[in-house]
1. Using R₀ = 35 Å, calculate the FRET efficiency as 1/(1 + (r/R₀)^6) where r is the Cβ-Cβ separation of residue 63 and residue 115; round to 0.05.
2. For the stretch 50-137, max minus min Cα coordinate along each principal axis, in Å, sorted largest first?
3. May I ask you to compute the full-extension gain from residue 122 to residue 48, defined as 0.36 nm times their residue separation minus their alpha-carbon distance, rounded to one decimal in nm?
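Derivation of every value follows stated rules applied to the coordinates shown; laboratory data play no part. Fair warning: this is a prediction, and the values are worked out from it, not measured in the lab. Here the Cβ positions follow ideal geometry from the backbone for every residue, glycine too, while neighbour counts run over all protein chains shown.
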Amino acid sequence: MPPKPHVQQRERLRDEKKRMHQPSCRMNDDEYQLLVRAAAACNMSIASYLARAALKAARNLDLSAAEIAGEREMLKELFDLRIALNRIGNNLNQVAAALNSDEPAPQATAVLSAVDRISLRVDAFLRRYLDGERPAA
């Protein structure tokens with residue numbers, strides 16, 4: 001476990017602004033370590049970091065919804081690309097097996113066309129997401 005970060009003390013809240021509720025959430029080890037590093041980088045306690053991040057998201061629900069929708073669309077596209085690549089990989093293996101056995105492989109042209117199409121799709125996906133474009137919600 002990493003050493004506790006130096007935490008900057010914040011000004012004490014008056015009773016009417018005092019934080020009385022303590023919500024809870026569960027995280028796996030990787031998520032928790034990411035949170036610990038992020039809080040330390042901001043020189044904040046984990047609880048303070050979580051509160052600030054959650055409140056920032058809650059105050060801008062439109063942005064949060066758009067980000068979540070963008071992540072969902074990105075994950076769906078990645079999943080779809082993985083399925084397409086698996087299918088093409090299977091077809092390519094069949095073509096290679098046929099050619100290695102001196103058998104005809106009439107599907108070779110179709111498989112290579114599919115490789116070209118999926119390659120263009122992967123390129124477009126990477127361009128869109130690396131350039132920071134996110135789909136509308």
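1. The pair residue 63/residue 115 has a calculated efficiency of 0.40.
2. Rounded to whole Å, the extents work out to 65, 21, 16 Å.
3. On the way: separation 74, 0.36 × 74 = 26.64 nm, distance 3.93 nm.
So the chain would gain 22.7 nm between residue 122 and residue 48.
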